[in-house]
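Trainee: Supplied in structure tokens, the structure appears directly below.
Taken together, the values in this text are just the output of simple stated rules run on the coordinates, not laboratory data. All figures in this text were calculated on a predicted structure; none of them were measured in a lab. All Cβ positions, even for glycine, are placed from backbone atoms using ideal geometry, and neighbour counts span all protein chains on display.
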Amino acid sequence: MSNIIWKIKSFDEFTIPELYAVIKARVDVFVVEQDCPYPELDDYDQQAVHLWAEEDGNVLAYCRIFGRGIKYDETSIGRVLTTAQARGKNLGRQLIAYAVQTIENRFHTPEIRISAQDYLLKFYSGFGFEDTGKKYLEDDIPHTEMVRRS
């Protein structure tokens, strides 16, 4: 996997093929793989910074980043995914490292709040995220709110 390109764009900077590829990856992972019929198009994409890795026009890893006061009081990262063909290649780690770096550079804060699927708590703790104790089911999947302060 040597032709991986990392991209970061606002909604208005997307090309139509990029937007299609991102939405396809999100639907493939969250709706199809995880069997969650949920409102994928939620009117938040327009306010997000989108970060993803692609190869030959296919999205391999993706997340969206929000400034303070959009999803939470803090900045946040959401819709984090690695597509099936890209798993096991450490792209998820690179993605979160780049997302944290992007927040620190663009929003000048270390404070980030996320809604993590419970099986990923250890993964996110490796980036300094701490369990807030707020646990809930989202689309029948156990989630925990986590926060990173520094």
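Trainee: Being under 18 Å from Leu91 (Cβ atoms), over 13 Å from the mean Cα position of the chain (by Cα) and touching a residue at least 40 places away in the same chain (Cβ under 8 Å) is the filter here; which residues of the range 35-63 pass it?
Mentor: Within the range 35-63, Glu54, Glu55, Asp56, Gly57 meet the criteria.
Trainee: Is it the case, given these coordinates, that Ile141 is under 20 Å from Arg26 (Cβ atoms), hydrophobic (A, V, I, L, M, F, W, C), surrounded by fewer than 16 Cβ atoms within 10 Å (Cβ to Cβ) and touching a residue at least 12 places away in the same chain (Cβ under 8 Å)?
Mentor: Against the criterion (under 20 Å from Arg26 (Cβ atoms), hydrophobic (A, V, I, L, M, F, W, C), surrounded by fewer than 16 Cβ atoms within 10 Å (Cβ to Cβ) and touching a residue at least 12 places away in the same chain (Cβ under 8 Å)), Ile141 qualifies.
Trainee: Return the residues of the range 129-141 that are closer than 26 Å to Ile103 by Cα and part of a strand (DSSP E or B); say none if nothing qualifies.
Mentor: If the condition is that a residue be closer than 26 Å to Ile103 by Cα and part of a strand (DSSP E or B), then Glu130, Asp131, Thr132, Gly133, Lys134, Lys135, Tyr136, Glu138 are the ones that fit.
Trainee: When you look at Phe66, is it over 24 Å from Ile23 (Cα atoms), within 16 Å of the chain's Cα centre (by Cα) and either exposed (fewer than 12 other Cβ atoms within 10 Å of the Cβ) or not β-branched (Val, Ile, Thr) (or both), yes or no? So that I can check it myself, show each step before the final result.
Mentor: Working: over 24 Å from Ile23 (Cα atoms): no; within 16 Å of the chain's Cα centre (by Cα): yes; either exposed (fewer than 12 other Cβ atoms within 10 Å of the Cβ) or not β-branched (Val, Ile, Thr) (or both): yes.
Here the answer is no, as Phe66 does not meet what is asked.
Condition check ((1) closer than 20 Å to Phe123 by Cα; (2) of a type in the set (D, E, K, R); (3) touching a residue at least 24 places away in the same chain (Cβ under 8 Å); (4) assigned to a helix (DSSP H, G or I)) across all residues:
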{"site": "Val22", "(1), (2), (3), (4)": "no, no, yes, yes"}
{"site": "Ile65", "(1), (2), (3), (4)": "yes, no, yes, no"}
{"site": "Arg79", "(1), (2), (3), (4)": "yes, yes, yes, no"}
{"site": "Lys89", "(1), (2), (3), (4)": "yes, yes, yes, no"}
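Trainee: Which of the residues belonging to the range 98-117 are surrounded by 13 or more Cβ atoms within 10 Å (Cβ to Cβ), of a type outside the set (Ser, Thr, Tyr) and over 19 Å from Asp73 (Cβ atoms)?
Mentor: Hit for the range 98-117 is Gln117, nothing else.
Trainee: Residues being small (Gly, Ala, Ser) and outside any strand (DSSP E or B): count how many of those fall in the range 30-60.
Mentor: 2
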